[in-house]
Amino acid sequence: MRSEPSIFASNTDNSDTEQNAGLSMVDILTLSPRQHHILHWIMRQQQVTLEAIAAYTEADLEDIRNDLEALVSQGFIEMRQNQGLIYYEIDFRNQQNTEALGNIASASVAIRPLSIILNPSGVVSITTGESFELCITVTNQGDRSAVISVALDRDSSSIYAWCPYPSETLALSVGQSCEVVFQIQVPPTTTPDEYGYTLIIDAPQHYPEHTPIQYKGRVIVLPALQEVVRVNDPTFVTLPRTTSDNPHPMRSGEIWQLLIGVTNRSERVDRFRVTIPDLDPKWFSIYYPEGLALAGVVEAADGLPLNPDTQGQINLILKPPLDVWAGIYAPTIRVHSANNPDLSLLDIAYFEILPTYQLDIQLVTILTRVNNQPSVYEMRFKSKGNIARELTLRASSPEQEGLLIYNLEQEEIKISPFGTVKVNIAIETTKKCKPKFWGDRYLSFIIELEDKQDALLPNDRYLGNVLVPARPWWQFVLLILGILGLIGTVIFLIWWFFFRPPDVPQVVEFTSESSTYKESENEAIRLRWRISYPELVREIRVEGLSPDEKILSQPVVYNFTKGIPPELKDYCVIDRELLCQNVPTDARKPSQYIFQMNLSSKNPKTAAIPLVKTSKILVEPLPQSQIVEFTSTKPLYTESKPVLPVVVSKPVKTGDNPSPESLSTSGSVSSNVADSRPSDSRSSDATSDTASTSSTVSSTVSSSELSLLAGALEKRVFLTALGIGGEANKFRIIRPKPDLDNEVRLNWRISNASQVRELTLVGRSPEGEVKSPPLRFVFAEGLPRSLSPYCTIANDEMTCRNVPTEAKASGNYIFELAIVPTKPPEDPKAVPVTRKTEIAKIAPYPAKILELKVNGQDALPQYSFNLNPDVPSILTLSWKIEASAAAKIDLLPAPGNIAAVGQLALPLSPKSGEVTYTLQVTNPDGQVVMRSFIVQTIAPPPAPKSETPPPIALPPDIPEIDSPLIPNSASNGSGNRRSGGMLLPSEVPPSQK
């Protein structure tokens, strides 16, 4: 069993008392494979050069140099120079971590009220059936007596059942210590294993802020050593041999190499490996012999392979860290057999860490030369040894006794290995020590140290000096100061009774009750002031000015000749000072005010009292309405499907000889047939006027009309008409209700809706042209009826959704919403509150040619006519187009722009030729739709001239020709009448026969 006493401060965790100060096998295994091979090869060769390592590893020379520099910097190898050559070798004695040494040297253990010494501490190794004592020494270093309990934790301690009395209670006065011994008996039937325990030291009534203190330890139960060696079992021996009475001595930082000889006495090949279960892996390194797996390749082995009846050796290097404590350590060495995993081959190696007593002691002055306070010094003890030290401190004076009083924080101190302790010493003078008048006085004192174990100390006496400052010089001038004070008092009394100026009322405070007021609350500005010497105040004048000195609030004068005036009785009181609060004014309008006060004194000898002004006081105007949100419901709309006019025929009864009036009635046509597009340049009024002026068609044709028709045919002028029929028809157009869902609709939100008097909404193109009629919404009587289905007002905020705008035609729109406030702004140059939407687009309806007919039948690509010079030939063309209202519809080559629905009479030219007729529709977005057909005319050879013109046969009952190219009856006074006939079968195109 290992026994090592330890000293712990109450705030120190014993798990951190051991640090790695050297290199271990774990550090070697973290190296790269190439560095690992280099390190093992250097261990076998002892000394190698850079070129030899490069040849061995077959690597680049520069890479090997970098690896060696890394190994040197980590402390694995070192460089040596011999006869001009640089060699690399390993020296285990020099593999110490200097940084860890620095950390250990700088570590300190703070002294707390309880000092704990455990013996043994850390890991305890014991065999089954044996017992050991767990000793705990508790010292009360605090400033009060305490009741302290020491116990093994039942829940976290596996050895709790092994101790018959697992808890003790101590009562310690200040500076007293006591030892508690727990007798631990390991049952013989205990399974060999590692058992943990937790020791709790607690003083909840007296040191609740520093307790409980917990210490954790381990008990390694080893099997009883019974040497039962069978004939075929492997054996091993550890060299050199050690015993508990003769352990191997070691100093801190030294290493100890052991040789483990293993003999395989079985008839099978076996592999052996070594473990030390009760030592930290950083404390030791195990090296197995390296084997040759392949020719010329050396591999690191993780075990010792042995053939039957052969022996082998394993190197074990123990390297305890630098901060290991002094004591005897007995680690168990176990050899494992691969063939017999359950076989336990155990041995114990005993080694002793020799004690070192190095201790640094310093006496440091903390506070000196301070009047009426003690001088403070500090003794600093820093242990660099590995054994606990107990010291006793005494203070004395080599000079006259009774001049100094010493107050030592601790007279007995305990220093743990590698620990640090500080002791404060307060020294003050007694009344016998009188300071000098003309200089400082130094008194010497001595701090004596004594080691309880009689260990060597670097010095047992430390000398210090206490500075007693001289008497202050001001004690000599007290009398002079007293005389000067008396003279000053006499001068003051003379000034007070004969030369003191009269009292003058002064304005101590002049402010407003609030720096900001609101016009919406209709609250006037209220003032507050404090005036000293109120009995001397005769009159107070208060007036409000603007920042540019204009009068905004009329001056008010308060007369105090008879005390507080009646108008201030409710606001002012006099108590050594005149205090007035919440004094109202007439300042209510929105602006910035600066009030000034002018005081008049009752004393006529008093000079003019300066004016006093307040800081700027703001009366905020009514909050103006703001357009928080203004957008269209969506960025893109589609134009409504165009509504085509429907022609309803109504027969008119006529006789054999119809009168002109009946023909005029039967031939009346609404102008909407000729122009059914809403976007035509003519207005609705012009449309109605055109509808009232109908053309009249007669069954007879005058000579003037024949000449006009002949001239039109000669010049290829094409006349528009609704059609040519056998009987008179009356036409009427029925227009369906347009679809309102495809117009632009808007959403908006307006704050402070109560301040809105009127809203104006107008839609413009991106170029600024008004495209939508302006809308005006008046809020004189609340929310207008036109907006009530779309708007709501809540919390003085108006929210409108899906408000129609009457914008239905295709194009790009930007809507602008403007607010007319209920109260006009005071600044005439103020910008009105407006807001615009993003561009909202109404896409034109896609153009379609629904119908194109020639002589009542669908148009063919080509027509051919044999002309009869005696009978004019006329084609009837009808069409129906579905397109945007803004679309352009042309019939080429003439007459050009036409309506979306209509009919046209095409007189054929009397000459031979070929004409291509094209019906073309162009949408505003650039879409073009067209249909065309070709008309070919063949004229007969010219006939001899005759004196009598042959009659012209025209189709009967030709309706009125509504064309801007031929004057109507209303304009020229003659009826536009024609008589017609029929085309001969030989003149009809083959496709129409």
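No lab work stands behind these numbers, since they all come straight from the coordinates. Since the structure is predicted, the reported quantities are computational estimates derived from the model, not experimental observations. Here the Cβ is made from the backbone with ideal geometry for all residues, glycine too, and neighbour counts use every protein chain on show.
Couple of notes before you dig in:
- Filtered trypsin sites (Lys or Arg not before Pro), region 852-923: DSSP coil and at most 15 other beta carbons within 10 Å: K911
- Where trypsin sites (Lys or Arg not before Pro) fall in DSSP loop in region 359-437, at most 12 other Cβ within 10 Å: R369, K431, K432, K436
- One compactness figure for region 235-353 is 1.15, namely its Cα radius of gyration divided by 2.2 N^0.38 Å.
- For region 235-353, the relative contact order comes to 37 percent (Cα pairs under 8 Å, sequence separation of at least 6).
- Pairs of Cα atoms farther than 24 Å apart, region 110-222, %: 27 percent
- Entries of K616/K829; K641/K911; K848/K911; K431/K452; K518/K602 with Cα pairs more than 32 Å apart: K641/K911; K848/K911; K431/K452; K518/K602
- Max-minus-min Cα coordinates of region 799-859 on each principal axis give 74, 25, 19 Å, with the largest extent listed first.
- Long-range HN-HN contacts of E89 with modeled amide H, under 5 Å: E78, R80
- Summary value for region 110-222: 34 percent relative contact order, contacts being C-alpha pairs under 8 angstrom separated by 6+ residues.
- Amide hydrogen neighbours beyond the local backbone of I348, cut-off 5 Å, H modeled: I333
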